[in-house]
Amino acid sequence: MIIKIENLNYIYNPNTPFEKKALDNVNLNIDKGDFIGLIGHTGSGKSTLVQHLNGLIKPTTGKIIVDGMDITSEDANLKEVRQKVGLVFQYPEHQLFEETIYKDIAFGPKNLELKEGEVRERVKKAMELVGLNFDDLKDRSPFELSGGQKRRVAIAGVLAMKPKVLVLDEPTAGLDPRGRDEILGRIQKLYEEEGITIILVSHSMEDIARLVNRIVVMHKGKIAGEGPTKEIFKQAEELEKIGLGIPQITSFMRKYKLEGNKVRDDILTVKEAKEELINYLRSRGNA
Amino acid sequence: MEQYMIKMENVKYEYSSMGEDSQLMAINSINIAVKKGEHLVILGHNGSGKSTLAKLMNGLLLPTEGNVYVNNMNTKDEDKVWDIRETAGMVFQNPDNQMVATIVEEDVAFGPENQGIPSLEIRKRVDEALRIVEMTEYKKHAPHLLSGGQKQRVAIAGILAMRPDCIILDEPTAMLDPIGRLEIISTIKKLNKIEKKTIVHITHYMDEAVEADRVLVMEQGEIVMEGTPREIFSQVEKVKRLGLDVPQVTELAYELRKEGINIPSQILTVEELVKAL
Ligand SMILES: Nc1ncnc2c1ncn2[C@@H]1O[C@H](COP(=O)(O)OP(=O)(O)OP(=O)(O)O)[C@@H](O)[C@H]1O
Ligand SMILES: Nc1ncnc2c1ncn2[C@@H]1O[C@H](COP(=O)(O)OP(=O)(O)OP(=O)(O)O)[C@@H](O)[C@H]1O
Ligand SMILES: [Mg+2]
Ligand SMILES: [Mg+2]
């Protein structure tokens, strides 16, 4: 187990008119090597939860253990925590602060006191991973980029830290489809090759469906459900009731089955749907 | 020209900070006419110039070359700045750039207040706008303390309360949950169909583009495809080459056709595909 969250509660602005209970007795275990999808309606507490994981927010009450280390204790070494857990923020603008893209991405690795050559290598590799051209862009200001380009810089900054646990809060919001597929594809490759643990927060049920092996559902600050991806997406009605949904392709297969066609309805990707339908249509004999 | 809400003639835009060595124009010789009451969707990969185009459409940026007209008013005409902003309201890509007040309802009221609307009417509009985006229970909250999706809803309410004839939305659903997205899209559709608002909607979600009257695809500051959603998305290969995508059911239909299964090539929705099979 790489992350253990026990009885976690978080209240924003306690004892003020803006008091808000954002996390309500959250208990969660994440195994090493898991690829978790964290879903929930807007305001359900996802960002609040993941910001706890690298010590950015301290619990009101409760305990969080990351890789054997109690990060909620008074004397927790936050530098060490941030090296273990890399967090890409929901709004990348909040993560960019240096005058050039190079400096921005190099900031984390430099803090690890790596040699200049190693820092440069990491920046280059990270930019390559997110599809930003090193020579063209390294000296440009991150603030003069388009929305999607800024997001890539923010992701690169975290990848350059080589964290054990990678937490991505809506990493593809604002990315164009190819950029989204590229970055998610590379994250998946990173996952497969480096054996890291990933937590992906996303409103895109399509992205969640094709990447993660487990889903955690949040609703009003509580964990409302947890399980393997296929199991969770079988519960379409329940998900819709709490602001969520299922991928368009899954929804199509369910409707098609309801019309009396004997096909599987736990399909998660276009590829799976294609195979299932070709078999079905050929067996029906109209292809 | 009366029938056009927005007209762009040979418009070019270059960011001054792009540097002398850069040959890149953010917008390069664009001609567009957006009809009154039209629902236009703009697609294109990151950095293709969509947000720049949107800002040119309500005078936030002025063209380096060429002219932009909003309801017949040239955006270069300094006397018309306020009329133009009142006619064409914009929801920005990052809602943080749009929040001005410290309380949600004041933020939503900011636009109509500047328009000099009587306060009773403002009250009505603010309540209605917050109801449409389902943020009524947060009206006394501080906007900067909201979640990402909640901020986006407030930003949309702020524009709704101004009741502009034309609404420009730059990725309005990027941070919304699936049901929230459906709600905003149905709100946009209602504004267009019932209130006859002109809508310019920038998005990376292909299933949202399906709802439009017309789709434009941008690439390096130019318009490279134009047509109805059906015309655009039936060109699966070309759309993908431009770094975009098609709805999942459109892709499935396309893949099945390639395998020799007999279905129409212009499927856009779940219902259409169920029927076709
Ligand atoms: N700084 C803050 N002060 C007060 N309340 C806050 C603050 N940040 C978030 N909240 C509230 O806490 C709740 C949880 O917010 P959080 O940002 O964790 O949601 P989320 O699930 O990430 O939502 P989204 O999908 O919109 O990003 C929301 O009701 C939000 O309004
Ligand atoms: N303030 C700025 N200064 C200099 N260049 C800029 C500025 N804003 C954008 N650019 C550049 O202009 C081009 C067009 O940017 P724009 O923001 O219009 O793209 P976009 O299509 O909206 O992209 P996205 O999908 O990422 O939001 C890009 O090459 C971008 O890097
Ligand atoms: Mg969030
Ligand atoms: Mg943009």
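Throughout, read-outs are computed from the coordinates displayed, never taken from laboratory work. Only a predicted model underlies this, so the values are computations on that prediction, with no experimental measurement involved. Neighbour counts run over all protein chains shown; Cβ positions are idealised from the backbone, glycine included.
Using 29 Å as the Cα-Cα cut-off, could you pick out the over-long pairs in B:12/B:151; A:234/B:196; A:32/A:79?
Numbers: B:12/B:151 32 Å; A:234/B:196 39 Å; A:32/A:79 21 Å.
With Cα atoms farther than 29 Å apart: B:12/B:151; A:234/B:196.
On a 26 Å Cα-Cα criterion, which of the cross-link pairs A:46/B:139; A:271/B:189; A:220/B:197; A:58/A:222 come out too long?
On the way: A:46/B:139 22 Å; A:271/B:189 32 Å; A:220/B:197 35 Å; A:58/A:222 17 Å.
Over 26 Å apart, Cα to Cα: A:271/B:189; A:220/B:197.
Taking Cα atoms only, the orientation of helix A:101-111 departs from the longest principal axis of chain A by about 70 degrees. What is the stretch A:247-287 by shape, rounded, prolate or oblate, if you read a ≥ b ≥ c off the alpha carbon gyration tensor as root eigenvalues and call it rounded for a/c under 1.5, prolate for a/b larger than b/c, and oblate otherwise? Oblate.
For chain B, averaging the sequence separation of C-alpha pairs within contact (under 8 Å, six or more residues apart) and dividing by the residue count gives a relative contact order of 21 percent.
Each helix, a run of at least 4 DSSP H residues, gives -39500 (n - 2.57); summed and divided by the residues of chain B, these come to -11000 deg cm²/dmol at 222 nm. With a 10 Å cut-off around each Cβ of A:201-209, the average count of Cβ atoms from other chains is 3.
Scan chain A and report its longest stretch carrying no chymotrypsin sites (Phe, Trp or Tyr not before Pro) that are both in a DSSP loop and have at most 14 other Cβ atoms within 10 Å. Each step should come with its number before you reach the end.
Details: sites that count: A:18, A:97.
The reported range is A:98-287.
Taking a Cβ cut-off of under 10 Å around residue B:172, the surrounding Lys, Arg, Asp and Glu residues balance to a net charge of -1, with basic ones at +1 and acidic ones at -1.
Which longest uninterrupted range of chain A lacks any GluC sites (Glu not before Pro) assigned by DSSP to a loop state (not H, G, I, E or B) and surrounded by at most 16 other Cβ atoms within 10 Å? Can you show the working numbers first?
On the way: sites that count: A:19, A:74, A:98, A:99, A:113, A:259.
Between the exposed loop sites, the longest stretch runs A:114-258.
The long axis of helix A:248-258 is offset from the longest Cα principal axis of chain A by roughly 20 degrees. Bridge orientation summary for chain B: considering DSSP beta bridges with both residues in this region, about 50 percent are antiparallel. Is the stretch A:137-213 rounded, prolate or oblate when judged by the Cα gyration tensor, a ≥ b ≥ c being the square roots of its eigenvalues, rounded requiring a/c under 1.5 and prolate requiring a/b larger than b/c? Oblate is the answer for the stretch A:137-213, as a/c is 1.5 or above yet b/c matches or exceeds a/b.
Counting Cβ atoms of other protein chains within 10 Å of each residue's Cβ and taking the mean over peptide A:249-262 gives 3. Proximity of backbone amide H atoms, modeled 1.01 Å from N, is registered between residue A:214 and A:35, A:37, A:229 at under 5 Å, excluding neighbours fewer than 5 places apart on the same chain.
Return the calculated 222 nm mean residue ellipticity for chain A, to the nearest 500 deg cm²/dmol, obtained by summing -39500 (n - 2.57) across DSSP H runs with n ≥ 4 and dividing by the residue count. Display every interim value, and only then the final one.
On the way: 12 runs with 118 residues, N = 287.
When only DSSP H runs of four or more count, the value is -12000 deg cm²/dmol.
Note on B:177-185: average number of Cβ atoms from other chains within 10 Å of each residue's Cβ is 6. Each peptide among A:36-45, B:70-79 gets the average number of other Cβ atoms lying within 10 Å of its residues, and from highest to lowest they stand as A:36-45, B:70-79. A Cβ-based charge dipole, computed about the Cα centre of chain A with Lys and Arg at +1 and Asp and Glu at -1, lands at about 600 debye. To the nearest ten degrees, helix A:177-194 and the longest principal axis of the Cα atoms of chain A are 70 degrees apart. With Cβ to Cβ distances under 11 Å as the rule, what net charge do the other residues near residue A:97 carry (K, R +1; D, E -1)? With Lys, Arg at +1 and Asp, Glu at -1, the net is -3.
Under Stokes-Einstein, with the Kirkwood radius over Cα pairs as Rh, the value for the protein assembly as shown at 37 °C and 0.692 mPa s is 132 µm²/s.
Here the stretch A:247-287 is assigned +1 on the Cβ of each Lys and Arg and -1 on the Cβ of each Asp and Glu. Its dipole about the Cα centre then comes out at about 120 debye. Of interest is the spacing of the C-alpha centroids, which for the stretch B:184-228 and the stretch A:205-246 amounts to 29 Å.
Summing Lys and Arg as +1 and Asp and Glu as -1 over all other residues whose Cβ lies under 13 Å from the Cβ of residue B:257 gives a net charge of -2. Listed values for the stretch B:108-118 are Karplus-derived 3J(HN,Hα) couplings in whole Hz (6.51 cos²θ - 1.76 cosθ + 1.60, θ = phi - 60°), namely 5, 7, 4, x, x, 4, 5, 7, x, 6, x, and x replaces Gly and Pro.
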